Structure formats: C-alpha cells, structure tokens
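The values are calculated or read from the model by the stated rules, or taken from the named source; none is laboratory data. What you see is a predicted model, and the numbers here were worked out from it, not measured in a lab. Side chains are part of the model used for accessible areas, which takes the heavy atoms of the whole protein and leaves out ligands, DNA and RNA. Shrake-Rupley method; radii C 1.70, N 1.55, O 1.52, S 1.80 Å.
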Amino acid sequence: MLRLRRMNDQRHRRRDFEQAKSRHRRNVIFYKLGRPAIKKVPEKNGRKLARVPFKVSRLMEFCTRRELVNQTGHDVYEWALVVQKGLLDNALDAAEEAEIAPRVSIAVNGRSIVIQDNGPGIPAKTIEGILDYSIRVSSREAYVSPTRGAQGNALKTILPMAYVLEERHGDNAAGETIIEAAGVAHHIRFSVDHIRQEPRIEHARAPSTVVYGTRITVELPLLWDGRYDEYDLLDGNRDRFLELAESYAWLNPHLTLNVSWNGEQVIDIKASNPAWRKWLPTWPTSAHWYDKSSLRRYMAAHIANRDSITVREFISEFRGMTATARQKLVLAETGASHVSLHSYFGLRTVNTANIVSLLASLQKHTRPIRPVDLGIIGKDHLYRRMEAAGGDPKTFTYNRTIGETNGVPRVIEFAFGIHRDGLAAAGRVPTRKIVTGVNWSPGINNPFRQLGRGGAGLDGILAEVRANTSQPVIAALHLACPRVTYTDRGKSAIVVDGSVEDDNGEED
C-alpha cells in the first residue's frame with residue numbers, strides 16, 4: 001500500500017513537472033524579443049539567374065547627351081554655338097594652312113547651319129578618319145603651338161548631335177551631316193542598332209558643286225524637354241550666335257565674314273588687313289614650348305605615324321634646327337647619331353632620361369620665340385571694330401603686354417571704350433559688350449575666369465571698376481600663347497599666370 005502510494009506521488013510530480021515545462025516554453029515564445037526567425041522557403045524549380053555579359057560599343061558614348069556635354073564642355077542648350085565655333089575654327093585654320101586670307105560665309109536656314117570657307121578643301125581621307133571613333137584625327141593634336149584648337153574631336157562631336165536630339169523617336173531616330181569638298185558631297189547619317197547596342201554610321205557619296213573650299217551642313221532638330229515643350233537651339237540662341245560670329249572678326253583682322261539668317265543678311269564684315277600674319281599652323285614648332293611630358297607625346301605621335309624616322313629627321317623639324325651643323329651638335333650631345341627615334345625613345349619602356357637629354361640639348365642650341373612673332377591683332381584693327389560696335393572714339397584705350405614663362409611667350413591685348421549712346425543723358429542705354437578669346441578664337445563663354453593662380457577673373461575685375469553688365473562699356477581681351485592651361489575638358493576656361501610687361505617695359 002505504501003509502495004503504491006509512493007508510485008502515485010511520483011507520477012503526479014512528473015505530470016506537474018511536464019506541465020510546468022510546457023508552460024515555460026509557451027511563455028518564452030510569447031515574450032521573445034527581436035525578430036522571429038525567417039523560415040527559408042525552398043526554390044520551386046531549383047534554378048538560379050545566369051548573368052549574361054553584354055558588349056556595348058565605345059562609340060555609343062558619343063551617341064549620348066551626357067557624353068557630348070562632357071566632350072564639348074557645354075550643355076545641350078549651347079550646342080548651336082559649339083557647332084559654329086568648331087566649324088569656324090577649322091575653316092580659319094584651313095585657309096591659314098594654305099596661306100590665304102580666310103573668307104567664310106554662314107547661313108542659318110530653319111534648323112540647319114551651313115558654313116563654307118575658301119580653304120583647300122577637306123580631303124576624303126580625313127573624313128574617313130573622322131568616322132573612325134576608335135582614334136582621334138588631328139594634324140595638330142600632338143604639336144605645341146598657338147593654334148585655335150588642338151582637341152582633334154570637333155567634327156566627331158558634331159556628327160552625332162542631330163541623332164542625340166532625335167533620340168526620343170527610338171528606332172526612327174537619325175541625324176545627317178553633309179560635308180562637301182572637291183566636287184563630292186559626303187552624306188553622313190547617324191543612327192543606332194538597338195539590338196546590338198551599337199551605332200550605325202552610313203557614308204554615302206554624291207556629286208557636289210563645291211569644288212574649292214569646304215561646305216558643311218549640320219541639322220539641329222528641336223530639343224524636347226522630356227515633357228511637353230520643344231526648344232529651337234538656333235532661334236533660342238540667335239543673339240549669342242551672331243555675337244560669337246562677330247567676335248571672330250574682332251580677333252582676326254584678315255577675316256572676311258558674311259552671315260545670313262533665313263535669307264536675310266545680318267553680318268557683312270570685310271577684312272581690315274587681308275595681309276595680316278600670325279603664327280601659322282604650318283610653321284615649325286619651338287623646342288622651348290615643350291616640357292618632358294609634351295615632348296614624349298610628340299615623339300610618340302611621330303613614331304606611331306612614321307615608324308622609320310630617325311632622331312636626326314625628328315629634330316630637323318624644330319624651329320632653328322634646319323642647319324646640319326646644329327643638328328650634329330645635338331646628336332653628339334645626346335648620343336643619338338644614326339639612331340632611330342623609336343630606339344632612342346625606348347622599344348619596350350619609355351627612356352625618360354633620353355627624352356630629358358634631348359629636350360635640354362634642343363633648347364640649348366635654339367633661340368626662344370619672341371612674343372611679337374606670335375602675331376599682334378593691333379590697335380588700329382581693334383579701334384575699327386570698337387567704332388563699328390558703337391564705341392565713342394574719344395573713350396577708346398588700348399593696352400598690349402608681352403611676357404614669357406620658361407621660354408613660353410605670351411601676348412595679351414586689351415581694348416576698352418564706352419558706347420556713344422551710353423554717354424547720352426536720356427534714352428535707352430546699351431548693355432555691356434565683351435569679346436574674349438585665346439589664340440584668335442573667341443570663347444562661347446568668358447575663358448578668363450582666373451587671372452593668375454588663385455586670382456580674380458575678368459568679370460570680377462570689371463565689376464571692381466564698376467563696369468558690370470548694366471554699363472554701356474565695350475571691351476576686348478585676347479591672349480596668344482602656344483601653351484595654354486585649360487581647367488576643363490571642353491577647354492572653355494583657362495588659367496593665366498606668369499609675369500608680363502607692357503610696351504614700356506614695365507612689369508604687370
């Protein structure tokens with residue numbers, strides 16, 4: 001009996017323990033803090049996503065709005081000005097290379113720009129090179145000289161613009177540019193294969209009446225803002241377009257320029273000095289304009305295009321190195337007699353010591369270029385342009401400063417005056433007119449945003465003398481220099497540093 005009673009007590013205690021343990025488990029689940037465990041759900045079919053590598057042509061980078069903005073340094077709303085500047089620079093350079101005074105006509109018809117020059121005509125081979133977007137084609141890209149532009153990509157950025165503006169039309173988007181020279185019209189059509197994600201460039205040829213010079217027609221479709229409105233890039237920039245065209249006449253005394261807008265002639269400027277000379281793109285470059293990195297680039301460009309060239313042939317193309325005796329001195333000092341340029345440069349790795357030695361020897365045996373040899377626009381020409389713009393002759397002032405930094409010459413010309421209507425006591429006062437440019441090419445925007453490292457820009461200096469945008473002043477500022485420091489990819493802003501002297505020898 002006693003034994004039976006003990007067994008019952010044990011069963012009761014065991015039951016109470018199990019019940020208590022069960023209640024404890026339920027309480028732990030009820031009061032547990034934090035996130036509950038996530039139950040893993042097995043995949044229904046057991047398959048995983050296999051990522052496919054997509055190949056996209058690098059040419060597609062030129063067929064996007066963002067890339068063209070990066071390449072040109074200007075927003076899409078300024079592309080009409082970019083087209084004008086790029087084609088005008090090329091037109092003036094082409095005429096100067098042929099050593100003739102440039103004559104350029106610009107016609108805006110609807111949404112197209114037509115620019116024609118009197119140069120030798122762009123060769124068909126050059127056009128084919130422009131259409132190869134894996135390379136950069138330029139006759140001046142590796143040279144250091146005072147040229148209007150050395151990017152080598154002006155036409156490469158202009159050709160896709162019409163397509164980019166039409167991109168909203170999808171598969172039907174396309175843009176066409178026509179280049180006419182030597183009796184041939186090159187029709188270049190841009191579109192995109194959206195399956196392969198690569199551009200299609202169609203190049204068709206047809207007869208043309210343009211036998212001398214080059215005529216280029218660029219179409220600029222309406223810009224869609226992505227919602228409701230469309231913007232006409234030409235009509236919306238009419239005033240700026242005409243101002244930029246006129247600015248070329250300010251900086252180039254030998255230029256004859258005609259501009260028409262939808263059939264109406266709006267600019268007709270005759271050259272004030274057709275015989276005016278400046279440093280030409282065809283003249284030999286100076287060793288004093290190079291540093292180690294730029295000479296290395298120049299040497300590499302020669303090796304890539306003239307693999308068998310010798311060091312002697314290479315140095316003979318520098319200013320002051322045509323004499324055989326002088327060439328022998330440089331070759332003896334550098335140990336480069338009867339040596340190919342490629343071997344001297346380095347077959348597998350760049351021989352920096354050889355480049356430094358050659359540069360030092362070339363600079364030792366040649367004279368630096370005088371600043372005035374770069375080309376002077378001159379007081380008389382700027383006076384004529386100032387008077388034609390409405391400036392009062394009594395207020396005209398002209399200042400020229402020359403200087404050099406480590407053998408690199410520099411010429412700065414500045415003209416200033418007040419509009420004659422601004423001197424009147426009553427009536428509408430004209431606003432400020434500013435012409436700025438570098439190496440005879442005006443800027444779309446003011447490139448002189450920093451005069452001296454850490455210094456103020458031109459706008460700030462004019463504001464200090466109370467010549468702000470509301471004042472009727474007329475001013476022109478131009479810099480000629482073979483080596484220019486640009487602060488942006490689009491080469492629209494520069495830094496001017498170093499000392500200069502005015503015509504009286506006083507340092508500024």
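Values as computed for the structure displayed
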read-out	value
Taking segment 216-370 and dividing mean pair separation by its residue count, relative contact order in percent (alpha carbons under 8 Å, at least six apart)	17 percent
Rounded to the nearest 10 Å², the accessible area of L329 at probe 1.4 Å	90 Å²
Segment 163-278 - convex hull of the alpha-carbon atoms, volume per residue in Å³	166 Å³
Accessible area per residue, Å², segment 231-365 with all protein chains present, probe 1.4 Å	47 Å²
Inter-centroid distance (Cα atoms) of segment 153-215 relative to segment 366-390, Å	38 Å
Rg followed by Dmax, in Å, when segment 259-395 is reduced to its Cα trace	22.3, 65
Rg(Cα) / (2.2 N^0.38 Å) computed for segment 296-373, rounded to two decimals	1.08
